[in-house]
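Asker: Following this message is one structure expressed as structure tokens.
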Amino acid sequence: MTQTDLRPAPTRRGAGRTKAGGRARALAASAFLGPGLVYLTALMLVPLGMLLFYTVLQRGRFGGIVYEFTTENFARLFDPLYLDVVVSSLKIATITTLLALLVGYPTAYVIARLPRRWKTVALIAIVLPFWTSFIIRIYALTILMSGPGLINSLFGTELELLYNQGAIVTGLLYSYLPLMVLPLYSAIDRLDPQLHEASANLGASGFTTFRRVTFPLTLPGVMTGSLFVFVPSFANFVIPDLLGGGRSIMVGNLINNAFLKERDFPFGATLALALILVLLVLLVVQSRVARRA
């Protein structure tokens, strides 16, 4: 006979107390989780369900929705006109993400190596633009980049800095660079300094240490920061309107125009759903890469 067999069986009173304690914990968890679940259900799942429902309906003659089944909205997604917009959006978002990585990684690395007091100052400087309205920052950038703006005045040039894809990339990079720096800083700051010392003791150069030690260990931060920059850049519609002058249309502009200008709710919902699916694929890829890293 084992020790387990010698233990006294729980009494009914003890079992009742256990069940009562479990109910109390479940009730407390429901009280804390309830508001958040209601919020997510009301403002995420319900609108998402409506988008999915609208995709199989038809647009009315004067806008709105006609409750008749159709698959035409999905066929329109493969129109060459819309595919060109998707390709252009992917190109702009990819360029913005790569530039943010090239600028953000050295910035995050230097901040992570600063003394603790200066780390706080540097991080506040990185986050400081988010304390100002997004629209105000974009209008300020428009003034700086305009024909008689500060940039052309300082350098005595007459460059066309606005209303092109370069201006859009500049605006996206300026707006979302902190979203790249912060995850990279977190990943770099957690690195064990002894790893660099061991690499140097084994005769590795600084570049070899970065290539074989630092960068692989910070790859999850790279993927997270890239995702944080790529997703809003791909779906943005304000910056292409203000800095691009409407000459370079992105996916966000298509969705905005479909809902607010053309009142084509079914096709706008189809575009939005396609964008969500693309972003979900990116999330899955980022999660798998981070897990392997």
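Nothing in this text is a laboratory measurement; each read-out follows from the coordinates by a stated rule. Everything quoted here is computed from the prediction, not taken from an experiment. No Cβ is skipped: glycine too gets one built from the backbone with ideal geometry, and neighbour counts run over all protein chains shown.
Asker: Within a 10 angstrom radius of the beta carbon, how do Y176, Y39, Y82 rank from fewest other beta carbons to most?
Answerer: Least to most surrounded, the residues fall as Y39, Y82, Y176.
Asker: Give the distance, in whole Å, between the Cα centre of region 82-110 and the Cα centre of region 147-172.
Answerer: 19 Å
Asker: For a quick check: with amide H placed at 1.01 Å from N, whose amide H comes under 5 Å from R59's, ignoring anything fewer than 5 positions away on the same chain?
Answerer: V66
Asker: Cβ neighbours within 10 Å, averaged per peptide: list 251-257, 110-116, 28-34, 215-221 in order, most packed at the top.
Answerer: Per-residue mean Cβ counts within 10 Å order the peptides as 251-257, 215-221, 110-116, 28-34.
Asker: Counting other beta carbons within 10 Å of each Cβ, put D189, D264 in order, fewest first.
Answerer: D189, D264
Asker: Further question on the same structure: Can you compute the modelled spin-label distance between K91 and V110, with each label point 7 Å from Cα toward Cβ, in nm?
Answerer: 3.2 nm
Asker: Pop a pseudo-label 7 angstrom from the Cα along the beta-carbon direction at both V121 and F215 and give the gap in nm to one decimal.
Answerer: In this crude label model, V121 to F215 measures out at 3.2 nm.
Asker: Using Cβ counts within 10 Å as a stand-in for footprinting exposure, how do M180, M250, M44 rank, fewest first?
Answerer: With the sparsest Cβ surroundings first, the list reads M44, M250, M180.
Asker: Which one of F32, I111, L271 has its Cα pushed farthest toward the positive end of the charge dipole of the chain, where Lys and Arg give +1 and Asp and Glu give -1 at the Cβ?
Answerer: Value computed over the given set: F32.
Asker: While we're here: Give a residue-ordered list of calculated ³J(HN,Hα) values for region 81-86 (Karplus: 6.51 cos²θ - 1.76 cosθ + 1.60, θ = phi - 60°; whole Hz; x for Gly, Pro).
Answerer: Once rounded to whole Hz, the list reads 4, 6, 5, 4, 5, 5.
Asker: Assuming a ≥ b ≥ c are the square roots of the Cα gyration tensor eigenvalues, decide whether the chain counts as rounded (a/c under 1.5), prolate (otherwise, with a/b larger than b/c) or oblate.
Answerer: oblate
Asker: Sort 120-126, 103-109 for me by packing, meaning the mean count of neighbouring Cβ atoms within 10 Å per residue, highest on top.
Answerer: Answer by packing, highest mean first, reads 103-109, 120-126.
Asker: Which value in Å does the Kirkwood hydrodynamic radius of region 236-293 take, with 1/r averaged over all unlike C-alpha pairs and then inverted?
Answerer: Kirkwood radius, region 236-293: 12.9 Å.
Asker: So what J values fall out for region 163-178 if you push phi through Karplus, 6.51 cos²θ - 1.76 cosθ + 1.60 with θ = phi - 60°, rounded to Hz, Gly and Pro as x?
Answerer: Using θ = phi - 60°, the values come out as 6, 8, 5, x, 5, 5, 4, 4, x, 5, 5, 5, 6, 10, 4, x Hz.
Asker: Estimate the FRET efficiency between T157 and R61 by the formula 1/(1 + (r/R0)^6), using the beta-carbon distance for r and 45 Å for R0, to the nearest 0.05.
Answerer: 0.30
Asker: Mind ordering 266-276, 144-154 by average Cβ neighbours within 10 Å, highest first?
Answerer: Order by mean packing, descending: 266-276, 144-154.
Asker: May I pose another question? To the nearest 20 debye, what is the magnitude of the charge dipole of the chain about its Cα centre, counting +1 on the Cβ of each Lys and Arg and -1 on the Cβ of each Asp and Glu?
Answerer: Using Cβ point charges on Lys, Arg, Asp and Glu, the chain gives about 1660 debye.
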